[in-house]
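Throughout, read-outs are computed from the coordinates displayed, never taken from laboratory work. Predicted, not measured: the structure shown is a model, and the values here were computed from it. Every residue, glycine among them, receives a Cβ derived from its backbone with ideal geometry; neighbour counts consider all protein chains shown.
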Amino acid sequence: MGRVCCEVMAPAKINLGLQVIGRRPDGYHDILTTFVAINLYDHLIFTRRIAGGVSLEAVNPDRDRGGTQGFPIGEDNLIMRAVRLVERETELHADLLISVRKQIPIAAGLGGGSSDAAATLLGLKHLYDLPVSERKLADWAGRLGSDVPFFLNSWAAEGRGRGEKLRPIRLFRDWWVLMVTPRIFLSAKDVYEGLDLTYGAGAADFSGCRDRGSFLAALRRAHNDLESVVIRRIPEVQQWRDRLRKIGAENVFVSGSGPTAFGVFLNRPTEGAVQLLRKAGMLSQVIMARPVDTPTALVVL
Ligand code: C5P
């Protein structure tokens, strides 16, 4: 039973600060961060078919945004891993075409792969009417990646543990992000391992920040501990930070383990300022977005 087709919109996320608390015996790091989902989306369309197993295709008319370069369509893609996990856990055999319009830059610290994985869990649940509890879904999400559970949760949340222990927060929402993603690959593992754990600035607490004043105060205190490692690996990130500040960002961060740098603006950056950034970074992607106000991965069809 279930449906023939469904579309899921998978948003990107940014981290408003990230504190690395310590290394764990399993090789991961305990962190404290604030995740916020933003209105930059990958679109995933799931279409059931009679036979043929599961195929994944990238359809990207807009090359300026995510492009499809570096987007793997094999079994190691998190979308495929999510399908295989659901198949194993539910004894489902899926015959499906999954078409992805990628807009979130790949391996950028913006959670694109994680969001696609969460969208896939929700898409399959919807498509096949799977009787899966929220708790089980969150457990599967955590097995797919540290950031995946956030995308099943609320639009803003405090993340602890590997990032999978979440507490939704209410947050002031009237701001913009301007992101710059250098087209240089950076592995999350490498960034975490490059961190000097004797240093830790502490993440700001955004949990009570529902008005502009308290949000701004927390924003000014926030810091991403991974930033120094990202800048050591990709020095141009420092220049992006400076440029974003110059055009009026209240604060500037690296998102997750990078390499995306973003500024938070209380007033919308002018088109002129955005164009200047684009000109300065012909080899980078420059994208403006806002926090979303809906739950994360969104089933629209
Ligand atoms: O969970 P995920 O597969 O996204 O993590 C990618 C890599 O980033 C991990 O293999 C680990 O090296 C590092 N990581 C970490 N601590 C975290 C999240 C990720 O060390 N909290």
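Structure data summary
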item	result
Computed [θ] at 222 nm, deg cm²/dmol, the chain (DSSP H ≥ 4; -39,500 (n - 2.57); rounded to nearest 500)	-8500 deg cm²/dmol
Placed amide H near residue 21: partners under 5 Å, 5+ positions off or other chain	30, 31, 32
Reciprocal of mean inverse Cα separation for the stretch 138-187 (Kirkwood radius, Å)	12.8 Å
Rounded to whole Hz, the Karplus (6.51, -1.76, 1.60) HN-Hα couplings of the stretch 236-248, x for glycine and proline	5, 4, 5, 5, 5, 4, 5, 5, 5, 5, 4, 8, x
Computed label-point distance, nm, for sites residue 59 and residue 221 using a 7 Å Cα→Cβ extension	4.8 nm
Kirkwood Rh and Cα Rg combined as Rg/Rh, the stretch 201-243	1.10
Per-q log10 I(q)/I(0), the stretch 103-181, q = 0.11, 0.15, 0.26 Å⁻¹ (Debye; single scatterer per alpha-carbon; no solvent)	-0.32, -0.59, -1.28
Residue-wise HN-Hα coupling along the stretch 164-172, computed from phi with Karplus coefficients 6.51, -1.76, 1.60 (Hz; x: Gly, Pro)	8, 8, 10, 10, x, 10, 9, 9, 3
Globularity ratio of the stretch 1-129, using Cα Rg and 2.2 N^0.38 Å	1.14
Simple label model, 7 Å out from Cα along Cβ direction - residue 21 to residue 174, nm	3.4 nm
Folded to 0 to 90 degrees: helix 212-221 orientation relative to the chain principal axis, Cα	80 degrees
Normalised contact order of the chain, rounded percent, pairs of Cα under 8 Å and 6 or more residues apart	26 percent
Cross-link partners of residue 165 among lysines (Cα-Cα below 18 Å; sequence separation of 8 or more within a chain)	13, 136
Overall dimensions of the stretch 77-117 as given by Cα atoms, namely Rg and Dmax in Å	11.9, 34
Translational D in µm²/s for the chain (Stokes-Einstein at 10 °C, 1.306 mPa s, Kirkwood Rh from C-alpha pairs)	81 µm²/s
Sites residue 51 and residue 266 - FRET efficiency at Förster radius 41 Å, r taken between beta-carbons, to 0.05	0.15
Per-selection Rg to Rh, the stretch 151-301 - Cα, Kirkwood hydrodynamic radius	0.96
Segment residue 242-residue 293, extension gain: residue separation times 0.36 nm, minus the distance between their alpha carbons	15.4 nm
From phi via Karplus (6.51, -1.76, 1.60), per-residue ³J(HN,Hα) for the stretch 278-292 in Hz, x at Gly/Pro	4, 5, 5, x, 4, 9, 10, 9, 10, 9, 9, 8, 10, x, 8
